Structure formats: C-alpha cells, structure tokens
Amino acid sequence: SKKEVIVKRLNSIQNFGAMDVLCTDKTGTLTLDKIVLEKHCDVVRKDDDDVLRFAYINSFYQTGLKNILDRAILKYERLSVKQYKKIDEMPFDFSRKIMSVVVEMNGKHRIITKGAPEEVFKRCSKYELEGEILEMEQLILTDLKEEYDNLSAEGFRVLAVAYKDAENRKEVYSKDDEQNLILKGYVAFLDPPKPTAKKTIEALKSLGIEFKVLTGDNELVTKKICSEVGLDVKGLATEEVIEKLNDEELKELVKTTNIFARLSPLQKERVIHALHENKHIVGYLGDGINDASALKAADVGISVDNAADIAKESADIILLKKSLIVLEDGVIEGRKTFGNILKYIKMGASSNFGNMFSMTGASLF
C-alpha cells in the first residue's frame, strides 16, 4: 500500500512472484489513455468537417457505455446536433465491432455507423468522395484499405464512419439494416505510450518474465506502440488466425508469438488458457470491459484505478498510480513472500518431523 497498490486477494501475491509471463492489453496500460482526436478526413485523407459531424452525432446519441474514443470525439469540438431527432440505435458489441444510430436528417431516416474499419468495409457498397457517391469495386477497396493502413502505421487508432438513408421509414431498426452503407471517411486518434512502459518491460525481462500484448486494436497500431516501448515483435497473430486453430495448435502458437491483435474478449481468455497448458504462471494487466474474462482467467489479474468497474472487480491487484514501475516491486515482493512461505514450510516440517520421530520411537518402546 505504501507503493500505492491495493492487493484485493492476498494469496495472489505469491502468484505475482511466481509469474513468468505477463500479458497486457495495450490501451490504458502500455499507453497513457489520454486519447485525442487528431484527424477527421475523407477516404483520401483530406480534412472533412462532415466526417466529424457524423461521428459526433453517432457518439452523442448512442446511449451505451461511452468509451474513450466517444469521449475524445465529444471533447474535440462542441457541435449542435439537437436539430437531428434520434429514432433508434444499434449498440456496440464485440463481435460486430461497430455501433449505429438512426436520426431524422433532411426529412429522411439516416443510419450513421462508426467502428472498426475492416468491419465497416464489409458493410459498404459505395463510398463518398468530394460530394460524389461512387461504387466500391475490389480495386478501389484495396486503395481505401491502404489509406487506412497508412494511418495505422503512423500510430493512429482509426474508426471508419459510414451512412445510408433508409428506404422505408420505421420506428425500430436492427443490425440487418447495417448493409449497403456509403463510406464517408475516418476519424483518427493518438494515444501516446506511457513513459514508464519501456523501463518496466526491461525490468521484468531482467526478472525472467516474458511480455505478451493481447489487444483488440489492429496489428499496425500495435506494432508502432510496441516499437516505441522497446518490445520486439517475435511473432504476430490476429483474430482470424486464432479462430482457425484448435487448442493444441494454439498451445504451439503461443510459445513463439508475443503480439496478438484484434482479439475479442473470449480469444484473450483462450490465449491465457493456452499459456496455462504450457505450464506458465500467467499475469494479466488490463483496464477495459473486454479485459474482464482475461483478468479472471489469469493467475494474477492486475488492473488500474481508472479502469472500468468490471475490470477492477475481476482483478486481484489494483495499481493506484499510472506508473508501471511498481510491477517490478510487486514481483520482487511476491518472490520474497513465496520464499518466506517455503522457509516456513521447511521449518515447520523439520521441527514436526523431530516430534513425530520421538513420539513414534516412544510408543514403539
């Protein structure tokens, strides 16, 4: 507690000391969690205020949990959206990785969608460029993906924004209506790495702890952040790869791979179980709703004070400071505790052995 760490489950301390693999989420753990909206651009990366307006309407009217990206959009600039009447919404979920709201705009019901670009692309049949709406062909899709990849490679977290006007006005809309959308553009965010992350990774390596990143973000952003915090990418696997593997194959994959990108919450849990199968003691450091099952599955779940409630509830240890340096202190403290437990068992066993030996001898006599 002097180091500003709360240990919720006392026996997790020895697991902390025995841990030989630490898995971590990226956002808010390796990064500062101070996300700022840096760009709002059309499909060829030219600034576009309409893209910002559409993203703002989507974030403003959705009533689910407002995540850090929504808060960054709403904080960027205060726009007036009261003139658009909300009709319905399709909230975010981890399988779709998108969210949509339906508003009445210019006398029409307009569906505005934002989310992971690869998921939005699947649902778009057209794109908008300089006021023109054009068909999305395979060749064009490759170019559009390249623009998005360039943003990701620069370290931006990117969301795609798309829309369509509903043909038939209705009161209730569903996920099935998120089809044949028109791609509007991108909003791009920057989340700088924590200054303490690099030191912590080096310190944990020197203690014999392997570091693995399990994130829902795409592989390009993750690579960029990992290079900034001094983590070598030995092997990289995405959601699609893991989905195809059975448990035995995954056991082999986790031996050589240290970056896992675009993972769903259940896949994070699967990776941790695979590490357990390889006889590792696994720690998990995370702060979001999507980390709860992984925190529960790990031998020691570590969270931070500004984490989502469910993540704090699932964790064994909570760090009150933004700094990760205390992790090294925690591991050393855990090893001391583990050493003391072993000493106590040896001492108790040896003195009891003497007593038992005397009593057995006496009773025989």
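Annotations for the structure displayed:
- Accessible area per residue in Å² at 1.4 Å probe, computed on the range 1-121: 46
- Value of D in µm² per second that Stokes-Einstein yields for the range 191-293, Kirkwood Rh from Cα pairs, at 20 °C (1.002 mPa s): 151
- Lys/Arg +1, Asp/Glu -1 at C-beta; the range 102-258 dipole; positive extreme among 207, 180, 230: 207
- Value at 222 nm in deg cm²/dmol, rounded to 500, when DSSP H runs of n ≥ 4 in the chain each add -39,500 (n - 2.57): -12500 deg cm²/dmol
- Take each peptide in 268-281, 154-167, count the other Cβ atoms within 10 Å of every residue, and average; sorted highest first, the result is 154-167, 268-281.
- Accessible surface of residue 353 - all protein chains present, 1.4 Å probe, nearest 10 Å²: 140
- In the full protein context, the range 243-328 carries 41 Å² of accessible surface per residue, based on a 1.4 Å probe and ignoring ligands, DNA and RNA.
- Counting only DSSP beta bridges with both residues in the chain, the antiparallel share comes to about 65 percent.
- Gain on full stretching of the segment that runs from residue 364 to residue 104 - 0.36 nm per residue minus C-alpha separation: 84.2 nm
- Trypsin sites (Lys or Arg not before Pro) lying in DSSP loop within the range 67-144, provided at most 10 other Cβ fall within 10 Å: 78, 82
- Ranking 127, 57, 340 by how far each Cα lies toward the positive end of the dipole of the chain (charges on Cβ) leaves 340 at the top.
- Helix 247-256 and the longest principal axis of the C-alpha atoms of the chain enclose an angle of approximately 80°.
- The simple Förster model, with R0 at 30 Å and r as the Cβ-Cβ distance, assigns residue 306 and residue 126 a FRET efficiency of 0.15.
- Spatial separation of Cα centroids for the range 153-207 and the range 262-301, in angstrom: 22
- Each residue was assigned an accessible area with a 1.4 Å probe, and for residue 356 the value is about 120 Å².
- Each Cα pair under 8 Å and six or more residues apart adds its sequence gap; the mean of these over the residue count of the chain is a relative contact order of 24 percent.
- Taken over the range 320-365, the percentage of Cα pairs per 10 Å bin, counting from 0 up to the bin with the maximum distance, is 23, 24, 20, 15, 11, 6, 1.
- Within the chain: Cβ-based charge dipole about Cα centre, in debye rounded to nearest 20 (Lys, Arg +1; Asp, Glu -1): 1540
- Pairwise Cα distances in the range 234-365 exceed 18 Å in 66 percent of cases.
- Accessible area of the range 186-321 belonging to carbon and sulfur atoms, whole % at 1.4 Å probe: 51
The values are calculated or read from the model by the stated rules, or taken from the named source; none is laboratory data. These numbers come from a predicted model, not from an experiment. Every residue, glycine as well, gets a Cβ built from its backbone with ideal geometry; the counts of neighbours run over all protein chains shown. Calculation scope for accessible area: heavy atoms of the full protein, side chains included, ligands and nucleic acids excluded. Shrake-Rupley method; radii C 1.70, N 1.55, O 1.52, S 1.80 Å.
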